[in-house]
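Student: I am attaching a structure below and will ask some questions about it afterwards.
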Amino acid sequence: MCLKFNCRGLIILLVLVFFTAIVGSVKLNSKRPCNDKSPECLRRTIQSILPKFMTGVPEYGVENMDPFHIDKFEFDFAGNLKGELRDGRARGLKKCIVDSASLTNDVVETVLHCNLTIKGKYKSSGHLLLFTINGNGVTMIKCVNIKIHNVMKLGYEVRADGQKYLTIKETKTDHSYDDGRIMYNMTNLFKGSPETSKIVLEFMNENWHMVAEEFGDPMVNYGVSIVIKNIQDLFKNIPYERFLFADF
């Protein structure tokens with residue numbers, strides 16, 4: 001997440017959280033802004049519950065995700081680029097715009113776009129494309145107007161208490177930038193050489209798409225592991241039938 005952190009990890013995190021919100025609101029209850037199961041009603045419902053859900057639902061095992069705190073994330077990329085992000089904060093998830101949503105049988109599909117900001121302290125060393133990095137400073141990455149599309153198939157299991165609980169059978173996520181982009185702001189990429197640091201930072205911003213694609217996988221895996229934990233904790237606490245009454 002540090003030097004080469006991109007937005008894909010947060011994208012996956014966001015999509016899976018949306019999925020949880022869909023499950024929690026798909027049946028009719030008093031908190032819905034509309035009273036039918038149409039795609040437009042589902043879209044409006046997800047949009048309405050998003051801010052509260054992103055700030056956490058501790059009674060159901062869901063942690064605060066906006067701001068989302070990262071104590072420490074270590075990365076090891078191809079090209080011998082290694083490092084860590086410390087005291088990180090990610091913001092913007094609760095302000096995402098839901099463009100569309102639908103539920104067909106056990107398949108949930110969502111499309112949304114977001115502006116995300118990640119800040120933290122970093123250390124990194126190794127090779128970034130054409131450059132040898134030796135950095136220790138502060139980073140801020142802005143992910144502007146990123147479009148996310150997710151399709152997820154749900155499943156069920158009956159546990160020892162005889163009740164049915166939700167599971168995720170499979171999921172697929174893709175994203176595009178369209179009119180969006182990623183902007184990097186990092187201090188001290190090269191210790192003791194502000195001129196070289198400026199040159200590399202300009203290169204990163206001019207070639208942001210290539211940088212993001214080249215170094216995204218570790219952050220993707222990190223984001224997925226955190227969200228899966230939240231979803232698993234939620235599912236452990238609420239049988240399927242009780243989602244009707246879950247206070248999201």
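Laboratory data are not the source of any read-out in this text; all were calculated from the coordinates shown. What you see is a predicted model; the values in this text were computed from it and never measured. Heads up, the Cβs are rebuilt from the backbone with ideal geometry, glycines too, and the neighbour counts pull from every protein chain shown.
Student: Which order results if Tyr240, Tyr156 are arranged by neighbouring Cβ count within 10 Å, fewest first? Don't skip to the answer; put the middle values down first.
Tutor: On the way: Tyr240 17, Tyr156 11.
Least crowded to most crowded, the residues run Tyr156, Tyr240.
Student: If you don't mind, there's one more thing I want to ask. Could you please rank Cys34, Cys114, Cys143, placing first whichever residue has the fewest other Cβ atoms within 10 Å of its Cβ? Could the numbers behind the result be given before it?
Tutor: Numbers: Cys34 14, Cys114 23, Cys143 26.
Exposure proxy ranking, most exposed first: Cys34, Cys114, Cys143.
Student: Also, I was wondering about something else. With θ set to phi - 60°, apply the Karplus curve 6.51 cos²θ - 1.76 cosθ + 1.60 along segment 176-186 and write out the HN-Hα couplings as whole Hz, x wherever there is a Gly or Pro.
Tutor: 9, 9, 6, 8, x, 5, 10, 10, 9, 9, 9
Student: Along each of its three principal axes, how wide is the spread of alpha-carbon positions in segment 96-208, in whole angstrom units, largest first?
Tutor: 63, 36, 22
Student: What pairs in Lys72/Lys123; Lys153/Lys236; Lys95/Lys123 have C-alpha atoms more than 23 Å from each other? Intermediate values should be presented prior to the final figure.
Tutor: On the way: Lys72/Lys123 11 Å; Lys153/Lys236 18 Å; Lys95/Lys123 30 Å.
Distance filter (> 23 Å) returns Lys95/Lys123.
Student: Follow-up question, since we're still on this one. Please compute the modelled spin-label separation between Thr104 and Asp36, points set 7 Å along Cα→Cβ, answer in nm with one decimal.
Tutor: A separation of 1.9 nm, rounded to one decimal place.
Student: First measure r as the distance between the Cβ atoms of Asn237 and Leu130, then evaluate 1/(1 + (r/R0)^6) with R0 = 41 Å and state the FRET efficiency to the nearest 0.05.
Tutor: Working: r = 49 Å, r/R0 = 1.21.
After rounding, the FRET efficiency stands at 0.25.
Student: Okay, moving on. Could you work out how much longer the chain between His69 and Asp179 gets when fully extended? Use 0.36 nm per residue separation minus the Cα distance between them, nm to one decimal. Can you show the working numbers first?
Tutor: On the way: separation 110, 0.36 × 110 = 39.60 nm, distance 2.80 nm.
Extra length from His69 to Asp179 when fully extended: 36.8 nm.
Student: Per residue of segment 86-92, in order, report the coupling 6.51 cos²θ - 1.76 cosθ + 1.60 (Karplus, θ = phi - 60°) as ³J(HN,Hα) in whole Hz, putting x for Gly and Pro.
Tutor: Values per residue, Gly and Pro as x: 10, 6, x, 9, 10, 10, x Hz.
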